Structure formats: structure tokens, C-alpha cells
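Working notes, beginning with the structure itself.
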Amino acid sequence: MTAFLAIVKLTIRSAVRSHIFRLLLILLLLSIFLLPFTLMGDGTPKGEVQIFLQYCLGFAEFILCLSSVWLACSEISTDVENAQIHMIVVKPVRRAVVLLGKYAGVVLIHLFLLLIAAVAVYVFLSFRLSTSDISEQDRTMLQEQVLTARALYRPVRPDFNAMAQEELDRRIAEAKGHGQDVVQYRDDLGRQEAFREIRKELIATYGLISENESLFWQFEGLPKHLDDDDVIFLRYTIYVNRYYIQDQNSVRGQWAFAATYVRSDDDGNVVTDLVAMPEDDYLTAAQNEMVVPLRTSYFVYDGRAEVGFLNKDTKTSELNFEEGRGPFLLVRETGFFSNYCRAILVMAIGILSITLLASAVAACMSLPIAIFATAAYMLVGALANYMVTSLPNVTEFQAETKVTFGYRFGDLMLNLIVPLQDFFVTGYLANGELVSFPFIGLLFAKDFILRMLPVFLLGAWIYTRRELALVSKRG
Amino acid sequence: MAEALKQPVQSAPDRPVVVSAVGLTKVFRDFWNRPKAKAVNDIDFEVREGEVVGLLGPNGSGKSTTVKMLLGLLYPTGGRLTVFGKSPRDVENKKLIGYLPEETYLYKYLTAFETLDFFASLFGLSKEERTRRCDQLLNMVGLAHARNRPVGEFSKGMARRIGLAQAMINDPAFLILDEPTSGLDPLGCREVKDLIKLLKKRGKTVIVTSHLLSDVEEVCDRIIVLYGGRIRANGGMEDLLTIRTNDTITVPRLPEDALARIREIVRESVPDGEMSVRHPHMSLEDFFVDIVNEAKKESLETSGSRSGGAIAEYLTGDKEKDAKAVLDSLTREEETPAQTLERKMEADAAKAAADAAKRKQDELFASLQASDPVSGEEKSRQEREEIEAKMSEANRKLKDLLKSPGGKKD
């Protein structure tokens with residue numbers, strides 16, 4: 001243990017004296033104290049706080065990730081290249097302990113810096129909020145939409161298989177009704193092909209609402225015991241047609257909410273009445289939030305709720321609700337401070353994971369190659385995520401058809417590589433979304449334990465078996 | 001003869017084996033695993049407890065590769081290598097080993113004390129023990145005044161001294177010193193050599209590699225000469241270096257006519273006339289050390305490392321100030337009755353040899369003086385003083401000879 005602690009201490013000392021580390025530290029301080037004054041939000045206090053949380057904390061995390069990669073690589077690789085490791089491994093200390101000590105040293109210093117950054121950002125935010133002249137309305141909006149932690153609920157996905165089968169049956173019946181003998185429907189193979197085509201069509205057109213038509217979304221798993229005072233938010237983004245930016249403007253429509261309750265004059269039957277909001281103009285291609293104008297006990301029944309939208313716009317042909325952009329329901333779960341601490345915990349897991357990766361790579365490669373390999377790993381992770389998520393109607397449509405090589409490659413990479421952005425949760429904070437413990441647990445288990453730890457163990461295995469004197473630039 | 005020199009020599013067959021290499025081979029390979037160079041080629045050697053072995057050879061002869069294999073930094077391609085009967089990679093074994101690399105790879109931002117403290121921590125020593133040992137070692141290597149200076153600011157010699165101190169931090173039973181005197185001033189060299197001699201007295205096993213052959217000659221019992229990855233010579237210093245076909249007689253300076261008579265006597269025995277007469281001279285190192293010691297008496301200051309202080313107490317194993325005396329007493333205490341008897345016999349033999357040498361010298365002087373009836377009147381006073389000085393020098397050497405346990409110096 002004494003040896004382990006000595007190596008940890010040595011690594012921290014070495015880190016503090018590294019010029020690049022000092023440079024990154026200055027950038028970290030700038031990101032906390034200078035960046036807020038260079039960013040412009042949408043002019044509202046809410047926008048300003050959102051930008052501050054998302055970018056200042058995000059940039060600080062990015063700097064810490066870079067710094068941890070640099071330090072882990074340099075501390076481990078340089079020791080081998082400069083033959084300083086010779087002086088250590090000829091002492092009675094296991095190489096695995098040396099590697100772990102170096103890893104722990106790099107992690108500890110970065111966790112300390114993360115703590116400093118987190119405290120600084122929180123104090124700075126509190127100070128600005130307490131000294132700024134904010135109207136009561138804006139302050140309420142901030143408290144309800146940003147400085148809070150709301151669980152996000154997604155609508156239940158339609159059963160496209162059932163819908164496709166239903167549509168296929170209808171078409172076959174229709175063809176039969178007209179006395180048509182459609183070749184495609186004669187055998188199973190043809191029917192399967194037709195089923196797949198219909199399914200694709202349904203997925204591709206899901207979320208599209210033609211003029212004077214409506215679409216309803218079902219929500220399940222909402223908290224059952226909500227008070228009437230609890231506020232439920234609806235988050236949505238409406239697009240005109242597809243999402244070509246030149247088509248975007250404002251559209252006319254009407255939101256409707258299902259009020260579900262037990263009818264008192266009956267035998268306890270559950271009834272649902274639709275409560276429609278007044279017709280209004282809604283800005284397109286922008287994320288909006290509104291409070292559901294119903295008492296929660298009426299809106300949420302048995303953990304379920306229903307939201308609909310009626311297209312009343314005459315200027316455009318179709319409105320589109322992209323699957324990944326709502327509508328969502330948000331219900332407050334806990335306070336901002338708790339959520340902030342959880343976000344910092346996720347960042348800490350990110351630093352632990354990235355340092356683990358960099359240490360593993362540096363344990364068997366020279367400094368430039370180790371840095372290149374780690375950066376390439378993270379880049380491929382980020383690109384893989386981009387390849388998968390940036391494609392239109394991403395998940396289901398692409399998964400079913402697998403039309404692009406990019407998608408296949410991205411999917412494979414996502415299963416092997418940890419995307420760095422998994423650990424960037426400042427967007428959650430900025431949107432007042434809950435960073436839930438199951439999410440944190442899953443991230444830790446999936447990314448740290450299942451993906452990074454095996455890589456580290458492989459690196460450590462190579463490190464303990466390397467002929468360390470083969471690679472030194474000296475001696 | 002050449003083949004005989006390459007055979008493993010067991011200088012102390014009764015002592016336990018510390019290092020054993022059988023058919024040791026190291027082949028360096030390129031990226032595609034093709035053989036690139038055979039650095040060590042099927043060598044056999046043994047090092048036994050208490051031996052000081054010099055590993056010699058020109059650059060690229062395989063010395064460093066052998067040392068690195070001994071330390072587990074490189075792995076043998078073929079053959080068998082054990083240190084204390086175990087693999088060189090055995091972690092527990094490393095508690096017994098001290099290593100001074102050819103270049104001292106230190107962390108530049110650590111101070112001298114922090115450096116030693118770090119290496120001491122790797123042995124799991126307690127804080128108090130670490131502090132005690134570090135202070136003593138810094139004092140021993142003459143860097144107590146630079147305790148809190150970063151080692152990055154050190155000269156090569158000072159860094160070397162720190163390197164030596166870290167190699168001694170665990171009081172190792174087996175020490176590997178790669179070019180221990182490289183970068184050191186003559187005083188430092190002398191101290192290192194003295195230290196190796198003391199370690200030998202304490203029964204420590206030492207492997208020394210050096211290009212400075214005089215250093216090796218002075219401290220080693222045995223040398224292994226490598227060339228092209230093979231052992232070219234392996235044997236005791238006395239066996240390998242003694243020119244048994246020649247004799248040397250050292251006497252105080254003689255008058256020319258006395259020399260002429262000696263030449264005549266010698267010519268009778270050596271008819272071919274292969275004979276030379278020259279004046280012995282002290283080594284440059286001895287001369288330098290004398291000058292510096294004189295300067296030290298005059299209290300002249302230097303900003304670099306100072307010559308070392310007392311040997312660290314934990315290395316002597318006692319708290320007395322006079323480390324050498326303590327070491328001697330410790331050595332005696334550890335001796336078994338058989339060893340004591342052996343040492344007594346060696347001392348007796350040495351005394352007898354010295355007496356014989358003295359008798360020979362007296363006889364030679366007597367014969368010279370008898371053949372030179374006018375010697376007393378013709379010598380100037382200066383010459384007489386010179387002869388007296390030489391005589392006292394000869395006496396001193398004789399006393400040293402008597403003190404040395406082996407009594408083999410002449």
C-alpha cells in the first residue's frame with residue numbers, strides 16, 4: 001500500500017509540474033469564469049442560464065477529458081520511454097500496482113479539479129441569479145423549467161407490425177372486393193415483401209399530420225400519485241413537412257389533452273374526455289414547452305395519459321413531429337442541486353472511463369501513438385453516434401432496412417466503443433431534465449465495467465509482460 | 001588457454017549461488033519478429049554470495065543486456081537465468097536487489113530527499129525508517145547540503161550519487177552497479193570503490209560493469225569479459241592478471257652502480273637480456289585525492305557535491321561512528337569458528353609472506369652496501385633523505401600488507 005500511495009503521490013506531483021497540464025488548467029479557469037461573458041443566449045434569463053450550464057460546464061468537462069487523456073498517456077508512456085520505469089520495476093512492486101497507481105493519480109487530480117469546477121460554476125450561477133434583475137415571471141419559468149429536475153416520458157411507440165399487418169389485410173380484402181388478382185399477394189414471399197414495404201411506409205410517415213387531421217400520443221409509466229398542484233410540462237418541436245429550414249415558420253394548430261376520471265354517477269366507470277386548447281400559432285423547428293392545462297389527477301390516470309395535436313394550418317401541406325423531438329411529458333422529481341450533483345457524478349464516471357482507456361493504451365504504446373489511438377477511439381465513438389443518430393427516422397427505419405454502410409458501421413462501433421458524448425449530460429441540466437440513478441448505473445455498468453474495464457485489463461496484462469527495456473529511448 | 005578462460009569459475013564453491021546463467025541467450029527481433037541481433041549468445045556463469053564480479057566488454061558486447069535480464073527488464077530468448085534461485089521477474093526477490101543504472105533516470109522535479117523517500121516507499125518502509133535512511137544516505141553520498149534541491153538541477157556527478165544512494169536504500173544483499181564511477185570526480189570514484197569494498201566485507205554480492213578497467217581491477221574478485229555476446233574470459237583477478245613469466249622487485253631508489261650490479265646479476269639468470277628498470281609512480285587518482293584532501297584541510301568551499309560522509313548507519317548495521325571499524329567487527333561477529341580459523345591462517349600466511357619479502361629486501365640492501373665501500377661518504381645529504389623517505393614508504397606498504405587479510409599484495 002505504501003508503494004501504491006507513493007506512485008499516486010508521484011503522479012500527482014508530476015501532473016502539477018506538467019506544462020501542458022498547466023495550460024489546460026488555465027483553459028479550465030477561463031471556461032468557468034470568462035466563457036459566460038462571451039456567450040449570448042436568446043436574451044431571456046432562462047436562455048442565459050441554459051447556455052451557461054450547457055457550455056461552461058460542458059467545456060470544463062471537455063478540458064478535463066483532454067487533460068486526463070494527455071496526463072494518463074504521458075505519465076505512463078514517458079516513464080517507459082525515459083527508462084524511469086526501470087528504477088521502479090526493479091524494486092519490489094508489481095507492475096500492475098505501478099499502472100494502477102498512475103491511473104489513480106491521474107484520476108484523483110482530475111476529480112479534484114472537477115469538484116473545483118463544479119463548485120465554482122454552482123456558486124457563480126447562484127451569485128448571478130441572486131444579483132440579476134429578473135422578473136417574477138422569468139424567475140418562475142427558470143425555477144420550473146431549468147433549475148429543477150424533471151423526469152422525461154416518451155410516448156408509447158405504435159405497434160408498427162400490427163399496423164402493417166392490418167393495412168396489408170385491408171389491402172388484400174380491398175383487392176378481393178374489387179375482384180383483382182394482385183400477383184404480389186398470391187404467395188407468402190410476396191405478402192412478406194408487401195408487409196415490409198407497408199411497414200417502412202408507416203414508419204417513414206409516422207409523425208406526419210395532414211391538414212385538419214390529428215395525431216394522438218399515448219404515455220405510460222407516469223407517476224400515479226401526483227398532487228393536483230404538481231405541474232406537468234409538454235415539450236414538443238413541430239416541423240413543416242420534413243425539416244428543410246427554408247420551410248420553417250409558424251403554423252396553426254390545436255393541442256388536445258385527455259382528461260380521464262372515474263364517473264361518479266355511474267358504477268365507477270373510467271371515462272376519458274378530450275380537453276382541447278384554443279387554436280393558436282406555434283413556432284416551428286424550435287423546442288417549445290408548455291404547461292399541461294389540466295389538474296394532474298385528471299390528466300394522469302393509472303400512470304397513463306394522452307396528448308393529441310390537430311393540424312389547422314392551411315398554408316402547408318403536412319406538419320411533422322420527429323420521433324426524437326417530442327412530444328414528451330416532464331414531471332418534476334427532485335431539486336436542481338440533487339440533479340447537479342448527479343450530473344457531476346456522470347462526469348466523474350466519464351473521467352474514470354477515459355483515463356482508464358488512455359492508461360490501457362499508454363501501457364502498451366509510445367506517447368504519440370497512445371494519444372493518437374485514444375483520440376481515434378473517441379473520435380470513432382463520436383462519429384459512430386453521429387452516423388446512427390443523424391440519419392432521418394433513425395432507429396427503427398434504418399435498423400430495419402440497413403440501407404447504409406455508415407449505419408451498419410456506426411451500429412457496430414457503438415456496441416464496441418464508448419461514445420464520449422455519453423458522459424456529457426450538461427444538456428440535461430440545461431433543460432431541467434432528471435439525470436436518473438438508473439441512467440447513471442447503466443452508464444457505469446455498460447461503459448465503465450463492460451467496455452472500458454476489459455480494455456484496461458488487456459492493457460495491464462500487456463504492461464506486466466512487456467520487456468520494458470526494449471522501448472526506452474535512453475539506455 | 002583461451003578456451004580455459006571461458007569456462008565458468010567457481011571462486012567460492014562453498015557459498016550459495018546468487019546468480020546462475022546457463023546457456024543464456026538474448027536475440028533482439030524486429031517488428032516482424034525476424035532476428036535482428038544476438039546480443040547475448042549462449043553464456044554460462046555463476047555469481048556466488050559475497051563475490052564482487054566485474055562484467056567487462058566493449059560497447060555492444062552484451063553487458064547491459066545481461067544486466068537487464070538479471071533485473072527482469074529484458075527476458076532471455078534461450079537458456080536459464082536465476083537470481084537467488086528464482087526468476088529475475090520474481091517481485092519478492094527484488095527486496096534483496098539494489099540497482100544503479102548506467103544513467104540515473106530520476107524525476108527531475110523531486111528533491112534529493114523526495115527522490116530517496118519515493119524509492120524507499122517502494123520497499124514499504126515506514127515513514128520514520130525512510131526519513132532515517134534518506135538522511136543517512138544523503139550524508140553518506142555527500143549531498144546532505146542539497147537535501148531540498150530538485151535533482152533536475154544536479155550535475156551528472158550529483159545525480160550519480162543520488163542514484164547510488166537509491167540503490168542502497170534497501171541495504172541490498174545483491175547489488176548491480178552499471179558504470180558506477182561514470183560521471184564521478186576522482187573523490188567520488190574513490191568513495192564508490194571504498195563502498196564496494198565495504199559491501200564485500202559485509203558479505204554482499206556485487207556485479208559491476210565498467211569501462212574504467214582500473215576501477216574494476218581495484219574492487220573485483222573476479223571478472224567476466226564479454227565480446228560479441230560471448231564470454232571471452234572468466235576468472236579470478238589474480239589468475240587472469242598475474243604475468244607468471246615475469247618478476248618485479250620494488251626497492252627504494254638505488255645508486256647507478258648498484259643498479260649496474262643488479263643488472264649483471266639479473267643477466268646471469270636472464271641471458272636474452274629482456275630486462276627494464278624504471279621508477280614506480282603513484283596513480284593519478286592517488287595524486288588527485290591527496291591534493292583535494294590537502295585543500296579540504298584548508299577549508300576551501302565547493303558548490304557541487306562534497307565528498308561523502310560516514311557510511312549510513314543502517315548499512316553498517318551499528319550505530320557507532322567509525323563505520324569501517326564497525327564493519328570489521330560485524331564481519332568478525334558473523335564468522336563461524338571455521339571461518340575465523342581460516343582467516344587466522346590467511347593472516348599468518350600474509351605475515352610470513354611479508355616477513356619473507358622484508359628479509360629479501362634486507363639481504364638485497366646488505367649485499368648492495370657490502371659491494372659499495374664508499375657509499376656513506378659519497379651520498380649527499382639530500383639523497384640520504386630521499387632514501388629515508390622511500391624506506392618509510394616501503395615500511396608503510398609493508399604495514400598495509402600485514403593489515404590486508406589476504407596478504408597477497410606486493
Can you work out the FRET efficiency for the pair A:Lys315 and A:Asp181, with r the C-beta to C-beta distance and R0 = 45 Å, to the nearest 0.05? 0.55
Would you mind calculating the relative contact order of chain A from Cα pairs under 8 angstrom and at least 6 residues apart, reporting the percent as a whole number? 23 percent
Per-residue ellipticity at 222 nm attributable to helices in chain A (runs of n ≥ 4 DSSP H, -39500 (n - 2.57) apiece, nearest 500 deg cm²/dmol) works out to -16000 deg cm²/dmol
Descending principal axes extents, region B:1-142, alpha-carbon based, whole Å: 52, 45, 28
To the nearest Å, what is the center-to-center distance of region A:1-56 and region A:157-227, using C-alpha atoms only? 51 Å
Kindly express, to the nearest 10 degrees and within the range 0 to 90, the angle between helix A:336-362's C-alpha long axis and the longest C-alpha principal axis of chain A. 50 degrees
Given a Förster distance of 22 angstrom, what is the FRET efficiency for B:Leu240 paired with B:Arg80, based on the Cβ-Cβ distance and rounded to 0.05? 0.25
Volume of the Cα convex hull of region B:41-83, divided per residue and given in Å³: 84 Å³
Output ³J(HN,Hα) for region B:52-64: one whole-Hz value per residue in order, computed from phi by the Karplus curve 6.51 cos²θ - 1.76 cosθ + 1.60 with θ = phi - 60°, and x for Gly and Pro. 10, 10, x, 9, 10, x, x, 4, x, 8, x, 5, 5
Considering every pair of different Cα atoms, what Kirkwood radius, in Å, is found for region A:1-148? 17.5 Å
Given backbone amide H placed at 1.01 Å from N, residues whose amide H is under 5 Å from that of B:Tyr99, ignoring those fewer than 5 places away on the same chain, are B:Ile176
Below 8 Å between Cα atoms, with a sequence gap of 6+, how large is the relative contact order for region B:2-241 in percent? 29 percent
Please compute the net charge surrounding A:Val346, taking Lys and Arg as +1 and Asp and Glu as -1 over other residues with Cβ under 14 Å from its Cβ. -2
Kirkwood Rh over alpha-carbon pairs of region A:151-208 plugged into Stokes-Einstein at 20 °C, 1.002 mPa s gives a D in µm²/s of 169 µm²/s
Dipole axis of region A:209-326 (+1 Lys, Arg; -1 Asp, Glu on Cβ), positive-most option in A:Phe233, A:Thr284, A:Tyr301: A:Thr284
Counting residues in region A:75-215 as N, plug N into 2.2 N^0.38 Å and put the Cα Rg over that result. 2.24
Against the 2.2 N^0.38 Å rule of thumb, the C-alpha Rg of region B:2-241 sits at a ratio of 1.02
Whole-percent pair-distance distribution, where bins are 10 Å wide, for the alpha carbons of region A:20-81: 22, 39, 22, 12, 5, 1
Distant-in-sequence amide H partners of B:Gly142 (H built 1.01 Å from N, under 5 Å): B:Gly309
What's the center-to-center distance, using Cα atoms, between region A:340-372 and region A:74-101 in Å? 19 Å
Proximal charge balance of B:Ala21 [Cβ under 12 Å; K/R count +1, D/E count -1]: -1
In degrees from 0 to 90, rounded to the nearest 10, what is the angle of the helix A:136-145 Cα long axis to the longest principal axis of chain A? 80 degrees
Looking at region B:156-240 from every direction and averaging, what is the projected area of its Cα convex hull in nm²? 5.9 nm²
In Å and on Cα atoms, what radius of gyration and Dmax does chain A show? 27.6, 93
So, by mean Cβ neighbours within 10 angstrom, what's the order for A:370-381, A:313-324 with the highest one leading? A:370-381, A:313-324
Non-local amide H neighbours of B:Thr111 (under 5 Å, H modeled in plane, Pro and chain starts lacking H): which ones? B:Val151
Sequence order, region B:107-113: Karplus ³J(HN,Hα) from phi using 6.51 cos²θ - 1.76 cosθ + 1.60, θ = phi - 60°, Hz rounded, Gly and Pro as x, gives 8, 4, 7, 7, 6, 4, 5
Rounded to the nearest 10 degrees, what's the angle between the helix A:19-33 long axis and the longest principal axis of chain A, both from Cα atoms, 0 to 90? 40 degrees
Quick one: what does P(r) look like for region A:209-326 with 10 Å bins over all Cα pairs, in whole %? 13, 42, 29, 13, 3, 0
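Quick note: the coordinates plus some simple rules give every number you see, no bench work behind them. Owing to the predicted nature of the structure, the values given are computational and were not obtained by experimental measurement. Counting neighbours? That spans all protein chains shown, and the Cβs are built from the backbone with ideal geometry, glycine included.
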